[in-house]
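Working notes for the structure below.
The values are calculated or read from the model by the stated rules, or taken from the named source; none is laboratory data. Since the structure is predicted, the reported quantities are computational estimates derived from the model, not experimental observations. Cβ coordinates were reconstructed from backbone atoms using ideal geometry, including for glycine residues, and neighbour counts include every protein chain displayed.
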């Protein structure tokens, strides 16, 4: 049974003070259904991705919140797995389609993070880690530990981290929905404020509001819509201190293996990937764990221009989390929606999306192909 | 493809101050796997149900939290739909099984509600309603509106509400995991403190800590384990004021119709049901919306003894949410686990579980049969 991506929507990402969480969900949902050239009543079920609305604004029961905007109130549920909520909702949606119970489903993710102070948002996000074992840790500090270990093991340099940020900010200029349309120089990244050594402000993805949605169907798509041909779901311990390694994310390796096997593809086949660069070090880890580069080689390859147009693989054409923004529940869905659009536009034939929860306890990989 | 319930676990429900949310999840998970006579490594995936941990204690990413207690860290995700989170997690788990990707999955729900003040817990629970459209409403007040309308339309009496509470407290004496092992008289319910007119303290389910789990498999179960033969998922508007009716829950009707059709059963076939009696009025609504009694007839039938042993159908043999307790994320799973045990013990051959989210925006119905 083939699953096609027949509709996509991505709202503007950024500090969207005039839009509520519900506005964002509604906008992305309706746009995605419209882009699929369907009526709202054609949606058999809805899968909603969100991490923190319960903590940010006290709103839960988000499946019902979104279904309320559909005249027939289709079955809906919310999926959460921290920053991998979007990827996980896509998995649950595909499961539902593959049972044959539903033929067309909406997957929509949104997060509204800028209505609270940065300190408060940082605390909410810390709920993606183990709140007792990692008490008081912020996400920059957890990823700083991973960066430090990577530096010690592989000699990863400041420049290798900075080029990731520079490249993703440059890519974001092509993405009309990106939070930032601003280029930075290596020097500017190098000298940006230290957040958690070695990570600096311009190593970190921002706090963002935004939503993204896709409409998936098992019906005949007329041979035009991109297909979801592989998917993988890998896990690791929630607590960083319990991991086997701090220089790679086992969850990514497991998810990638499963997705590639599903799609009967090699990682070398992919001309383009969206990876979960919540911090610059996370992009290097992703590229190594996906097998695109050998351990310790993603940094040098990035400096060498191998992760942008004209190189080995275009990494984060949307600008990634770093420059496109990271409204948590939307991110995993936005990656797939953005890649599906690039394929629809004929720019690529094959793409991979990589979405991570927390410091790597959850990873989801999807493969998208032209039909 | 048949789905069997090969393992069950229900922790003690109550004010469990010595146990954390993680303790509750771990205890139920390990007990369920042990009761299935499996090793932890036999669990292919985990579906976690919880409503409020993000707001109660700041812990999200609960799939990873639970998977961390399994040596092989199986794929895991959290499902949320307010008080229907448990029922929804069961649905997602069955979808995953029906794709053939997994053969044995754990579904575990837990909630830890008594570490905060009742006022704070009431506010968290209000996140199951529409926080803007129903700003400041507590759940007792929303169900009081439903009760008032039912009284006006059908002449539902104080006594008809009270007998639900008396009966469920009596049933709970049979349930070793129940939060309350205490009988009440009609007079005591009638005179308990007014919470939201006409609902009194003894009309309301309590704040509870607790967990429940089931292990589901598509493998041959040896002909002993009960089967999940029907499931339904119905929705309605999140906002009560937008509903077509305030004397019945459309979501329950839709979910019941689908589940009965799946299982090829009539509602009159069922000798026992667990229904979502978050308030006494909710049990009457459930019995009418499931079609067990005509509209307005559930109250008189309850007074007439038709909802307990020796009557038409045994309703809430566990004591229901009212007396067994209502740790939100656990409830929908506990209903199925409890009924599966009654079937395993040979007390019944066929049972129905009915789980509701919020004031009825989500409803999930499951049918369980002896194999």
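Odds and ends about this structure:
- Hey, residue A:114 more than 19 Å from residue B:68 (Cβ to Cβ), surrounded by 17 or more Cβ atoms within 10 Å (Cβ to Cβ) and touching a residue at least 40 places away in the same chain (Cβ under 8 Å) or not: yes
- Members of the stretch A:314-361 that are more than 21 Å from residue A:28 (Cα to Cα), over 8 Å from the mean Cα position of the chain (by Cα) and within 14 Å of chain B (Cβ to nearest Cβ): A:357, A:358, A:359, A:360, A:361
- Residues being within 13 Å of another protein chain (Cβ to nearest Cβ), more than 23 Å from the chain's Cα centre (by Cα) and on the phi > 0 side of the Ramachandran plot - total across the stretch A:22-72: 1
- Evaluated against (1) within 23 Å of residue A:276 (Cβ to Cβ); (2) more than 14 Å from every other protein chain (Cβ to nearest Cβ); (3) assigned to a strand (DSSP E or B), residue A:78 falls short on exactly one condition, (2).
- Answer residue from the stretch B:226-240, given it is surrounded by fewer than 24 Cβ atoms within 10 Å (Cβ to Cβ) and assigned to a loop (DSSP other than H, G, I, E, B) and is nearest to the other protein chains (Cβ to nearest Cβ) among those: B:237
- Top-ranked residue of the stretch B:129-152 - restricted to ones that are more than 17 Å from residue B:199 (Cα to Cα) and touching a residue at least 12 places away in the same chain (Cβ under 8 Å), ranked as farthest from the chain's Cα centre (by Cα): B:133
- Scanning the stretch A:285-303 turns up at least one residue that is part of a helix (DSSP H, G or I), touching a strand residue (DSSP E or B) at 6+ places or on another chain (Cβ under 7 Å) and under 27 Å from residue B:66 (Cβ atoms).
- In the stretch A:241-260, of all residues being in contact with a strand residue (DSSP E or B) (Cβ under 6 Å, 6 or more places away or on another chain) and within 12 Å of chain B (Cβ to nearest Cβ), the one that is surrounded by the most Cβ atoms within 10 Å (Cβ to Cβ) corresponds to A:251.
- For the stretch A:29-58, filtering for residues that are part of a loop (DSSP other than H, G, I, E, B) and either in contact (Cβ under 8 Å) with a residue 60 or more places away in the chain or farther than 25 Å from residue A:238 by Cβ (or both) leaves 9.
- For the residues A:205, A:192, the requirement of being crowded, with 24+ Cβ neighbours inside 10 Å, in contact with a strand residue (DSSP E or B) (Cβ under 9 Å, 6 or more places away or on another chain) and at pLDDT 95 or above singles out A:205.
- Whichever residue in the stretch A:115-134 is in contact with a helix residue (DSSP H, G or I) (Cβ under 9 Å, 6 or more places away or on another chain) and farther than 17 Å from residue A:54 by Cβ and, among such residues, is modelled with the highest pLDDT: A:130
- Residues that are away from chain A (no Cβ under 13 Å) and farther than 20 Å from residue B:242 by Cα were ranked within the stretch B:117-150; the one that is surrounded by the fewest Cβ atoms within 10 Å (Cβ to Cβ) is B:119.
- Any hit, the stretch A:307-315, residues being more than 29 Å from residue A:130 (Cα to Cα) and crowded, with 24+ Cβ neighbours inside 10 Å: yes
- Among the candidates B:121, B:84, B:126, the residue that is under 20 Å from the mean Cα position of the chain (by Cα), free of Cβ contacts under 8 Å to residues at least 60 places away in the same chain and over 30 Å from residue A:252 (Cα atoms) is uniquely B:126.
- Residue check for residue A:106: surrounded by 24 or more Cβ atoms within 10 Å (Cβ to Cβ), away from every other protein chain (no Cβ under 11 Å), farther than 22 Å from residue A:195 by Cβ and over 16 Å from the mean Cα position of the chain (by Cα): yes
- Residue count for the stretch B:209-224, restricted to those that are touching a strand residue (DSSP E or B) at 6+ places or on another chain (Cβ under 7 Å) and surrounded by fewer than 24 Cβ atoms within 10 Å (Cβ to Cβ): 4.
- In the set (1) crowded, with 23+ Cβ neighbours inside 10 Å; (2) outside the structural domain of residue A:110 (by TED's automatic domain parsing); (3) within 18 Å of the chain's Cα centre (by Cα), residue A:162 fails one condition alone, (3).
- Against the test of being in contact with a helix residue (DSSP H, G or I) (Cβ under 6 Å, 6 or more places away or on another chain) and at the interface with another protein chain (Cβ under 7 Å from one of its Cβ atoms), the options B:96, B:9 yield a single qualifying residue, B:96.
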